[in-house]
Amino acid sequence: MTRIVLAAIAALSLAACTTATGTGGSFQPIPGSITYGGQPRTKLTKAPIGSTFGHMFYDSRGRQVDETYRIQPDRSLVIVNRVTRIDYL
């Protein structure tokens, strides 16, 4: 019985955190993404090309979303990673 309960808790823990990874450009912007509605108007002129940075926001369902962006040679941004977390507490 204890093993069943532990297995259920482990399954819920894994379901609470979803990770999507892929090659650059495979993620579509969602509301809250920096690139949602197009590229930002200001260019990141001082950041090195190829550098990455993170952005955290909450989606419309209240889930925490962590996105990682990479700066392209034309100074545009591409989403290279997105992690969505569900807080059960």
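Figures for the structure shown
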quantity: Candidate set: the range 14-32, residues that are in contact with a strand residue (DSSP E or B) (Cβ under 6 Å, 6 or more places away or on another chain) and at pLDDT 90 or above; chosen: the one surrounded by the fewest Cβ atoms within 10 Å (Cβ to Cβ); calculated: G32
quantity: Entirely in the range 24-89, the strands (runs of 3 or more DSSP E) that have 1 or more residues that are among the basic types (K, R) and in contact (Cβ under 8 Å) with a residue 60 or more places away in the chain; calculated: 77-85
quantity: In the range 51-89, the residues that are in contact with a Ser or Thr (Cβ under 7 Å, 6 or more places away or on another chain) and under 11 Å from I30 (Cβ atoms); calculated: R63, V65, E67, I79, T84
quantity: Residues (out of contact with any Gly (no Cβ under 6 Å at 6 or more places or on another chain) and either under 12 Å from I34 (Cβ atoms) or at pLDDT 95 or above (or both)) located in the range 74-83; calculated: S76, L77, I79, N81, R82, V83
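The values are calculated or read from the model by the stated rules, or taken from the named source; none is laboratory data. Nothing here was measured: the structure is a model prediction, and the numbers come from that model. Cβ: placed from backbone, ideal geometry, glycine included. Neighbour counts: every protein chain shown.
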